[in-house]
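Since every read-out is calculated from the coordinates, none of them should be taken as a lab result. Since the structure is predicted, the reported quantities are computational estimates derived from the model, not experimental observations. As a convention, Cβ positions derive from the backbone with ideal geometry for all residues, glycine included, and neighbour counts pool all protein chains shown.
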Amino acid sequence: MHDAPRDLQDLIERGPEALVAVRTLAPAALRPLEGLRHASAVLRPPAIIAVGANYAAHASELKLRSETAMTVFSLWPNSLTGHESTVTWPSDLAKQVDYEAELGVIIGRAARNVPVSRALDHVFGYTVVNDITARDLQFSEAQWSRCKSFDGFTPTGPVVVTADEIGDPQDVWLTTHVDGRLLQDASSGDMVRTVAEIIALLSTTSTLLPGTLISTGSPGGAGYSRKPPVFLRDGATVTVSIDKIGMLTIHCREI
């Protein structure tokens, strides 16, 4: 394909016809993944929007409110990284680094004032997100963007699965393992606000542009709330998985 899209954002912006062309030609262009390095599943999103306290269990364990207005904040593009990457942070700045399994939603076509009933029509696909968080910063500041936007704190991947292959986004299972220990284990059906409701609400104030990544919140089981707490340490390996999408693994290094 001489005019192939250069990345996912380019593919999305070209529209449905480009996806059909790629699917038609893909079998002849497949390469084994061995020896290849994963980038972030999304590389140039026009926005990265995160939703907080969207699972009642997680909101409760962190003593956050989820029953009123939706908590929304932005993540910074420098935080994006890919499967099997090494995530680093300065140990003198963050000592309570936590994991959060999240379903990532990628917008396929612009959404503005869309009703809940049609919101999923605007989804291109889904990916796995690990919304890594420096809890000591989170609870010392009034906003959440900085504590979640260290370089590499938003791993995504290993792939994006198109919406037609997922079906109902409220029917997938999320897990987190840290060094082989199962710490999160829940259904996306436990969300306080569904993917469709999130898209509809966000679209009332801003146009969600194609390629926008929405991280939809994390279930219970965060390390901060455990007794004793379980924080990510130098040498730890974290794997977040969502069935129908895949397993996203990162390696931790304190510097």
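Compute a Gaussian network model of the chain, connecting alpha carbons closer than 10 Å, and tell me which residue from S149, S225, S206 fluctuates the most. Among S149, S225, S206, the largest mean-square fluctuation in the Gaussian network model of the chain belongs to S206. Starting from the Cα gyration tensor of the range 73-147, take the square roots of the eigenvalues, sort them a ≥ b ≥ c, and report rounded, prolate or oblate (rounded when a/c is under 1.5, otherwise prolate if a/b is larger than b/c, else oblate). Taking the square roots of the gyration eigenvalues as a ≥ b ≥ c, the range 73-147 is prolate. Between the Cα long axis of helix 16-29 and the first principal axis of the chain there is an angle of about 90°, rounded to the nearest 10. 3J(HN,Hα) couplings calculated from phi for the range 185-199 with the Karplus curve 6.51 cos²θ - 1.76 cosθ + 1.60 (θ = phi - 60°) are, in sequence order, 7, 7, 9, 5, x, 8, 4, 5, 10, 5, 4, 4, 5, 4, 4 Hz; Gly and Pro show x. Using Cβ point charges alone (K and R +1, D and E -1), the dipole size of the chain about the Cα centre works out to roughly 320 debye. Would you mind computing, in nm to one decimal, how far apart the modelled labels at E34 and D121 are, each placed 7 Å from Cα along Cα→Cβ? Rounded to a tenth, the inter-label distance reads 4.6 nm.
As a calculated quantity, the FRET efficiency between T207 and D10 at R0 = 22 Å, using C-beta atoms, amounts to about 0.65. For the chain, the square roots a ≥ b ≥ c of the C-alpha gyration tensor eigenvalues yield an a/c of 1.5 or more together with a/b not exceeding b/c, which makes the shape oblate. Extension gain, D185 to W76: 0.36 nm times the residue separation minus the Cα-Cα distance gives 36.5 nm.
List residues of the range 122-160, by number, whose backbone nitrogen lies under 18 Å from a label position 7 Å along Cα→C-beta of I255. Counting backbone N atoms under 18 Å from the label point, the list is 132-134, 147-155.
Calculate the spin-label point distance for R44 paired with A142, positioning each point 7 Å from the Cα along the beta-carbon direction, and give it in nanometres. Between A142 and R44, the label points sit 3.6 nm apart. Taking the chain as a Gaussian network of alpha-carbon nodes connected by springs under 10 Å, the highest mean-square fluctuation of the residues G52, G157, G82 belongs to G52. Residues H251, H38 in ascending order of nearby Cβ atoms (within 10 Å, fewest first): H251, H38. Think of the chain as a dipole: +1 on every Lys or Arg Cβ, -1 on every Asp or Glu Cβ, centred on the Cα centre; then among I245, V22, W76, W76 lies furthest on the positive end.
Here T162 and K227 are evaluated by their C-beta separation; at R0 = 35 Å the FRET efficiency comes out at 0.30. For the range 149-203, the alpha carbon convex hull comes to 147 Å³ per residue, rounded to a whole number. Normalising the average separation of contacting C-alpha pairs (under 8 angstrom, six or more residues apart) by the number of residues puts the relative contact order of the chain at 29 percent.
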